[in-house]
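The values are calculated or read from the model by the stated rules, or taken from the named source; none is laboratory data. Everything numeric in this text was worked out from a predicted model, so none of it was measured. Every residue, glycine as well, gets a Cβ built from its backbone with ideal geometry; the counts of neighbours run over all protein chains shown. Areas reflect the complete protein model, heavy atoms only, side chains present, ligands, DNA and RNA absent. Shrake-Rupley method; radii C 1.70, N 1.55, O 1.52, S 1.80 Å.
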Amino acid sequence: MSYKTMTRDELLKLRDEIEGQYNDLKAKGLKLDMSRGKPNKEQLDLSMGMIDTLAATHELVGEQGIDCRNYGVLDGIVEAKRLLSEMIECPIENIIIYGNSSLNVMYDTVARSMTHGVMGSTPWAKLDKIKFLCPVPGYDRHFAITEFFGIEMINIPMNSDGPDMDMVEKLVSEDASIKGIWCVPKYSNPSGISYSDEVVRRFARLKPAAEDFRIYWDNAYCIHHLYEDDQDHIIEILDECAKAGNPDMVFKFCSTSKVTFPGSGIAAISASKANLDFIKKQMTVQTIGHDKLNQLRHVKFFGDFNGMLEHMKRHAEILRPKFRIVLDTLEKELGGLEIAQWTNPKGGYFIALDTLDGCAKKVVSLCKEAGVVMTSAGATYPYGKDPHDSNIRIAPTYPSNEELREACEVFVTCVKLASIDKLLENM
């Protein structure tokens, strides 16, 4: 029965019942964490063989005759470039291999634009106003980078097929102070939405007022499918930009952070030759080269891209039951109550749930009191300000399945309790 159709007396009676359930859950003294999208131990164990791929007795020379123990090879060994170029779907000549984190590459890319501009443009730090477009709900760490540099962020609503492109096209064509847009195009964080072909093509055909406008295309979940027979596919943005006469308009990022070991993976940027040449000028000052032994380790562990895909199937086998636990619980406990709606992604690491307006912060607070830590309400919006106070990111991956069931029980109870209070308040 919909909570919205209940009388005040019915809601008050139901509240007493739900509050009793909530107090019972608090009494358990739970300490559960669903705040970040971290791989669980079982997932990390999948990559333990990588530890043994290099040994003191092994040949540590790459295909180009490069001794991977030594200095050099600024943009990555060729076999690592080949592996990640297949992962990120770009020609091998359009990729640079970095260190362990794509977030670090994105930070560097913004920092370089602040101090030295973009391919000869005025450094952003010398301009009066810089703005970024931010599809919401979105990735909190993207927003943290632009906020750190004092860049004004503009919310762009997410539709079921990607960002509101009417709004994006209008804003970038009219305002030269808009220098970029954050994008997670496949199984986006937190909604799990993948961009449609039309949305990708409209991105590629943008006519920005700023010559130094760039699309920050963070393809973090490009091979992170949950199902073998039901996967999202997006068309390749670099190729579409080239066809549209905008070859330089996109920076594309990826990493193996949730493929192998977070913090010990390899990351990459893919872009046009002109963009990469400009980036390398800074890199020659910044570093002599990134960790080639780690690059070689990844190549030897996977063998080739097919080996990486097989590895990801094993990740999916671990993650599918976790997503099922959350989605089944949401449907069983909240379905038909008209107090929440949620996404059902085919991949990635998150499920997004929207409460009634004005309830998200209270839900997260109630969960914390009952021993379940969630991502902060508002984190999926720039400046941590969700204008509707409704969006909550659910991260199912880290807890054990049993812990996840307990956490979900707490979560749905908190959603019910907060929703009843909001409905009573509005009566």
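Summary table
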read-out	value
Relative pair counts by distance (%), Cα atoms of the chain, 20 Å bins	25, 53, 21, 2
Within segment 161-189: backbone nitrogen closer than 14 Å to the LYS207 label point (7 Å, Cα to C-beta)	169-175
5 angstrom amide H check on LEU32, placed H, neighbours 5+ away	VAL372, VAL373
Surface share of carbon and sulfur [accessible, 1.4 angstrom probe, percent] for the chain	48 percent
Sum of -39500 (n - 2.57) over DSSP H runs of 4+, divided by residues of the chain (222 nm, nearest 500)	-13000 deg cm²/dmol
Assigned charges on the beta-carbon of Lys, Arg, Asp, Glu; segment 347-427 dipole about Cα centre (debye)	160 debye
Three-way shape label, segment 98-169, alpha-carbon gyration tensor, a/c 1.5	oblate
For VAL250, residues with placed amide H under 5 Å, excluding near neighbours	ILE215, SER272
Antiparallel bridge percentage (DSSP; both residues within the chain; nearest 5)	45 percent
Which of LEU171, VAL184, TYR195, positive extreme of dipole for segment 161-200 (C-beta unit charges)	VAL184
Estimated inter-spin distance, LEU74 and HIS58, nm [label 7 Å along Cα→Cβ]	2.8 nm
Amide H contacts under 5 Å for ILE156, placed H, 5+ residues apart	CYS134, VAL136
Antiparallel bridge percentage (DSSP; both residues within segment 179-325; nearest 5)	35 percent
DSSP H segments from the chain that extend 24 Å or more along their own axis, Cα-based, with Kyte-Doolittle mean of -0.5 or above	305-334, 401-425
Per residue, in Å², the accessible surface of the chain once ligands and nucleic acids are set aside, probe 1.4 Å	43 Å²
